[in-house]
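Structure, as structure tokens:
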Amino acid sequence: MWKVFLVLIVVVGFTTFYFTSIAYKQPGKSAQERTFFDNNQHLHVMGIVLGESTVRDAEIAFRSRADAAVFLYPKPTKKGQEAQYTGKLEAYFPSIADHSKVLLTLEIDDMELEAVRKRSSRPRIYPNSVVRMNLSSDDILAVQHMVIRELSLIPSVQLDESMITAQFGKAETVSETDTNTTIYTFPRIGLVATIHKNDKDKLTFNNP
């Protein structure tokens, strides 16, 4: 009985990832053909055009509301050095389609980002040292019209190499950053797939 249950889990998991990777795309084409660069070298993925589409466009495509905030990510530092951070303005969709998650990094220059940060609420520090700062009411409205620079998909199921290859073809390069993390790169469709044994997997799409 347990073998039947295990098979059902695998089938449901693959179907879930398959649905996520084909959602919001034109029918009758492979995942590689649906994820492509146009003549302006802007990547089309999940109904979004990186470098053109706005947060509001993504909300319409995903039929969901985004939660935007300023995030400060810690940089590697030597012992005794003062903590340093990389700031990003991000819009987050906690659940789309099959309960996968989407994270959008928005286009904003350093000066404007600093102004947004100063207008934000008091920082909230997560256990992994990432800092979140909620936006002011005016900036929440402004984010709707901001352009998307990067899209990251966090599937609701654990991925493996065979599932990625089935959807996107053979990776151009495969590397291991440690014993638990493998990175697959697909330059022709602007994809970097990061597979973690002990953490959430991530598919990150970028323009060149």
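Values quoted throughout were computed directly from the atomic coordinates according to the rules given, and no laboratory measurement underlies them. None of these values were measured; they are calculated from a predicted model. We place every Cβ from the backbone using ideal geometry, glycine too, and count neighbours over all the protein chains shown.
Distance in nm between label sites at Asn40 and Tyr73, each 7 Å beyond Cα in the beta-carbon direction?
Inter-label distance under the simple model: 2.5 nm.
Within a 10 angstrom radius of the beta carbon, how do Leu103, Leu203 rank from fewest other beta carbons to most?
Going from least to most buried by this count: Leu103, Leu203.
Ranking request for peptides 47-54, 127-134: highest mean number of other beta-carbon atoms within 10 Å first, then the rest in descending order.
Highest mean packing first, the order is 47-54, 127-134.
Take Lys197, Lys202 and order them by how many other Cβ atoms sit within 10 Å, fewest up front.
Ascending Cβ contact count within 10 Å gives the list Lys197, Lys202.
Is there a pair in Lys88/Lys202; Lys101/Lys197; Lys79/Lys101; Lys75/Lys200 whose C-alpha atoms are over 23 Å apart, and which pairs would that be? Show your work: numbers first, answer last.
On the way: Lys88/Lys202 18 Å; Lys101/Lys197 18 Å; Lys79/Lys101 35 Å; Lys75/Lys200 21 Å.
As for pairs spanning more than 23 Å Cα to Cα, those are Lys79/Lys101.
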